[in-house]
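What follows is one structure encoded as structure tokens, with my remarks underneath.
The values are calculated or read from the model by the stated rules, or taken from the named source; none is laboratory data. Note that the structure is a prediction, hence the values are computed from the model and not measured. Here the Cβ positions follow ideal geometry from the backbone for every residue, glycine too, while neighbour counts run over all protein chains shown.
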Amino acid sequence: MSKLYFTEDHEWLNVDGDNATIGISTYAAGQLGDVVFVELPDVGKTANKGEDVAVVESVKSASEIYAPVSGEITAANDTLEDAPETVNEDAQGKGWFFKMTVSDASQLEGLMDEAAYAEFIKE
Amino acid sequence: MAMNPIGRPTSPNTDDGAGGGFETFSGSQGLMQQEPLLNEVGALDKCGVDFASGPAARSRLGGMERTAQIGLPGLSEPEALRHYVRLSQRNYAIDLGLYPLGSCTMKHNPRLNEKLARLPGFGDLHPLQPQSTTQGALALMGELSRWLCAITGMDAVALSPKAGAHGEWCGMMCIRAALEDRGELETRRRVLVPESAHGTNPATAADCGFTIDELPADATGRVDMAVLREKIGPDVAGIMLTNPNTCGLFERDIREIADLIHEAGGYFYCDGANLNAIMGKTRVRDLGVDAMHINLHKTFSTPHGGGGPGAGPVVLSERLSQYAPLPYLTSDEDGWKLIENQEDVEGDAKPFGRMCAFHGQMGMFVRALGYMMSHGADGLRQVSEDAVLNANYLLARLQDEMSPAYEGVCMHEALFDDVFLKGTGVTTLDFAKAMIDEGYHPMTMYFPLVVHGAMLIEPTETESIESLDRFADTLLSLAKAAKDGEVERFSQAPVLAPLRRLDETRAARSPVLRWQSA
């Protein structure tokens with residue numbers, strides 16, 4: 001049974017046991033405008049919570065994608081390299097950025113669920 | 001009409017444009033002439049000049065001769081000339097009208113300075129001439145240095161950096177050299193950079209081998225002092241701070257910031273890009289600055305186009321002076337001397353190295369000193385006053401219809417966010433494009449990044465009140481049109497420009513970087 005979390009940096013992570021899939025929220029993708037380039041992390045790299053591991057570039061700006069928890073990168077969504085528009089089309093689905101292990105489940109505690117995030121972006 | 005994915009038109013203005021509304025045979029619209037690419041004007045098998053064929057010569061290239069065509073079209077002189085003149089007529093320039101991008105890009109270049117830079121004694125010098133024959137030029141560099149040190153109150157200046165970012169690099173390398181001298185380079189790794197900083201600041205610090213630690217802004221758009229106090233520590237090499245900052249605001253706590261950094265053993269690099277707002281009013285030395293670059297184009301009106309030639313001299317505090325790069329200027333009873341080589345270094349100087357082949361941009365030095373001397377100290381002070389006054393005049397004229405990003409007065413730039421466009425369906429980009437139809441170059445948009453939908457307007461000191469009023473009235477009418485629901489006027493803009501809105505997404509996703517014949 002997987003659970004969806006959101007960070008204040010507008011990333012989502014879908015956690016299933018010790019594994020998480022990470023991307024940017026639909027709201028963030030809308031704010032960025034058309035995504036034109038995505039730089040993905042190397043698989044096998046370990047990242048600490050808050051470390052910048054990927055880059056998303058749109059017509060408006062370039063932003064860093066942070067590891068929302070600590071762990072090891074286990075997969076990267078290579079399809080984004082050729083089709084960055086996937087991020088705009090399906091940010092919270094096919095537009096995922098990378099997968100990583102969750103080395104410390106307690107780091108999930110400070111994150112928002114979908115309802116809390118919906119409230120967060122209203123502000 | 002072709003639309004890009006966000007519903008904006010992309011096609012050039014040929015069939016549905018303004019003007020008479022009919023298609024001309026030539027594609028030109030009156031004096032707005034269609035101009036093809038150079039490759040389409042000329043041809044590979046054409047040559048614009050007649051050369052007599054040379055005598056037969058034996059090749060000494062050992063089989064490395066080029067055998068294929070180099071792929072450049074041949075054009076006659078009038079063809080080449082017309083091409084560039086036609087393109088220039090479609091361009092917007094400071095000589096055509098108010099330029100709200102401000103001094104970052106170009107402010108008015110007084111023509112007197114152009115005349116001075118072309119004096120043969122300066123214009124025809126060669127950097128490898130013996131120094132005994134260039135004493136006048138060296139004296140001018142000495143005088144420029146004296147003015148820069150007097151204006152900032154700093155101890156020394158490195159003239160060779162060619163631009164702002166090059167100057168940043170020079171200053172940070174001086175800081176690096178000083179830390180190395182103290183034996184602390186290995187332990188002091190962190191450079192604090194506000195999140196509103198110019199992008200070059202963190203890039204410079206990273207290039208000099210430091211790690212970047214971002215400082216958030218507080219609600220007033222200035223450095224959050226509580227966070228700064230938390231982040232300061234014995235591993236901090238220094239801070240890179242712009243004042244006035246990129247939100248156009250004076251960092252009021254700058255003295256305290258400098259003291260905190262110095263107490264922690266770090267250095268204070270000030271990005272002097274915005275010196276044009278405080279020159280003659282604030283002495284940089286009194287702010288506790290250790291190194292600061294000065295963009296001669298921003299503050300002293302030297303030309304700045306197409307990436308150069310530029311000049312970004314760096315003023316240094318007493319603690320950093322000795323690390324200034326080669327070559328540097330000295331004088332004794334025999335006259336002026338450029339110290340070019342490490343073995344000629346005297347006294348306690350420990351230059352960190354050399355940044356470029358020669359001594360800097362002589363033409364810019366002449367223009368900048370010409371600007372300083374024609375204004376005088378009181379005139380330079382008035383430059384800053386007028387720059388700030390003009391920005392605040394626009395802020396005051398626009399604040400009821402547009403939304404200032406922060407409360408209170410600004411420095412030389414007025415910053416707005418896109419709150420006033422909320423619910424209108426018009427974006428900052430649309431608003432900027434609509435300005436083109438009104439005959440204005442758009443302002444800086446979407447920067448600084450910390451402000452949503454930012455619009456940053458810098459009118460500069462040379463605009464008259466009539467010019468500012470015309471500009472303000474134009475923006476007010478656009479703001480009103482947006483609020484009145486005239487969305488189409490914005491989403492279609494620019495309608496009256498030589499080209500319609502370009503498909504930025506496709507340009508970024510699949511750029512065509514090379515001309516290919518059809």
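Annotation: of all residues in the stretch B:211-241 being buried (at least 21 other Cβ atoms within 10 Å of the Cβ) and touching a Gly at 6+ places or on another chain (Cβ under 8 Å), the one that is farthest from residue B:104 (Cα to Cα) is B:236.
Looking at this structure, is residue B:194 within 19 Å of residue B:223 (Cβ to Cβ) and either touching a residue at least 24 places away in the same chain (Cβ under 8 Å) or buried (at least 24 other Cβ atoms within 10 Å of the Cβ) (or both)? When the stated conditions are applied, residue B:194 passes them. Would you check if there is a residue in the stretch B:164-174 being out of contact with any strand residue (DSSP E or B) (no Cβ under 9 Å at 6 or more places or on another chain) and either part of a loop (DSSP other than H, G, I, E, B) or surrounded by fewer than 21 Cβ atoms within 10 Å (Cβ to Cβ) (or both)? No, there is no match, as no residue in the stretch B:164-174 is out of contact with any strand residue (DSSP E or B) (no Cβ under 9 Å at 6 or more places or on another chain) and either part of a loop (DSSP other than H, G, I, E, B) or surrounded by fewer than 21 Cβ atoms within 10 Å (Cβ to Cβ) (or both).
State which residue is surrounded by the fewest Cβ atoms within 10 Å (Cβ to Cβ) when the search covers only the stretch B:291-301 and only residues that are not small (Gly, Ala, Ser) and not in a helix (DSSP H, G or I). Give the steps one after another, and end with the answer.
Step one: list which residues in the stretch B:291-301 are not small (Gly, Ala, Ser), which gives B:292-300.
When the remaining residues are screened for being not in a helix (DSSP H, G or I), the result is B:292-295, B:300.
On the way: B:292: 29, B:293: 29, B:294: 28, B:295: 25, B:300: 31.
Out of the qualifying residues, it is B:295.
Residues in the stretch B:93-118 that are touching a residue at least 24 places away in the same chain (Cβ under 8 Å) and either closer than 30 Å to residue B:338 by Cα or aliphatic (A, V, I, L, M) (or both): B:98, B:101, B:106, B:109, B:110, B:112, B:113, B:114, B:116, B:117.
Could you say whether any residue in the stretch B:447-456 is buried (at least 21 other Cβ atoms within 10 Å of the Cβ), out of contact with any helix residue (DSSP H, G or I) (no Cβ under 6 Å at 6 or more places or on another chain), over 27 Å from residue B:32 (Cβ atoms) and away from chain A (no Cβ under 14 Å)? Yes, some residue in the stretch B:447-456 is buried (at least 21 other Cβ atoms within 10 Å of the Cβ), out of contact with any helix residue (DSSP H, G or I) (no Cβ under 6 Å at 6 or more places or on another chain), over 27 Å from residue B:32 (Cβ atoms) and away from chain A (no Cβ under 14 Å).
Pull up the stretch B:482-518, narrow it to residues that are free of Cβ contacts under 8 Å to residues at least 12 places away in the same chain and of a type in the set (A, V, I, L, M, F, W, C), then point me to the one that is farthest from the other protein chains (Cβ to nearest Cβ). The extreme case among them is B:518. Any residue that is within 14 Å of chain B (Cβ to nearest Cβ) and under 21 Å from residue B:446 (Cα atoms) - is there at least one of those in the stretch A:40-55? Within the stretch A:40-55, one or more residues are within 14 Å of chain B (Cβ to nearest Cβ) and under 21 Å from residue B:446 (Cα atoms).
Only residues that are part of a loop (DSSP other than H, G, I, E, B) and touching a Gly at 6+ places or on another chain (Cβ under 9 Å) were counted in the stretch B:480-496, giving 3.
Would it be correct to say that residue B:400 is among the acidic types (Asp, Glu) and more than 23 Å from the chain's Cα centre (by Cα)? Break it down into steps so the answer makes sense when it comes.
Numbers: among the acidic types (Asp, Glu): yes; more than 23 Å from the chain's Cα centre (by Cα): yes.
Criteria met by residue B:400.
Inside the stretch B:86-110, can you point out the residues that are closer than 11 Å to residue B:463 by Cα and surrounded by fewer than 16 Cβ atoms within 10 Å (Cβ to Cβ)?
B:97, B:108
Here is a list: B:505, B:474. Which entry is of a type in the set (S, T, N, Q), crowded, with 16+ Cβ neighbours inside 10 Å and modelled with pLDDT of 95 or more?
On the way: B:505 fails: modelled with pLDDT of 95 or more.
Within the list B:505, B:474, the selection yields B:474.
Kindly indicate whether residue B:443 is crowded, with 21+ Cβ neighbours inside 10 Å, modelled with pLDDT of 95 or more and within 14 Å of chain A (Cβ to nearest Cβ). Spell out how you get there, then give the answer.
Working: crowded, with 21+ Cβ neighbours inside 10 Å: yes; modelled with pLDDT of 95 or more: yes; within 14 Å of chain A (Cβ to nearest Cβ): no.
No; evaluated as a whole, the condition is false for this residue.
Looking only at the stretch A:75-92, filter to residues that are surrounded by fewer than 15 Cβ atoms within 10 Å (Cβ to Cβ) and in contact (Cβ under 8 Å) with a residue 12 or more places away in the chain; which one of those is farthest from the other protein chains (Cβ to nearest Cβ)? Reasoning before the result, please.
From the stretch A:75-92, those surrounded by fewer than 15 Cβ atoms within 10 Å (Cβ to Cβ) are A:78-79, A:81-82, A:89-90; that's our starting set.
Right, trim to in contact (Cβ under 8 Å) with a residue 12 or more places away in the chain and you get A:78-79, A:81.
Numbers: A:78: 16, A:79: 14, A:81: 11 Å.
The extreme case among them is A:78.
Considering (1) closer than 25 Å to residue B:93 by Cα; (2) among the hydrophobic types (A, V, I, L, M, F, W, C); (3) assigned to a loop (DSSP other than H, G, I, E, B), the lone condition that residue B:476 does not fulfil carries the number (3). Mind checking whether some residue in the stretch A:3-22 is of a type in the set (Asp, Glu), under 28 Å from residue B:509 (Cα atoms) and at pLDDT 95 or above? Yes: the stretch A:3-22 contains one or more residues that are of a type in the set (Asp, Glu), under 28 Å from residue B:509 (Cα atoms) and at pLDDT 95 or above.
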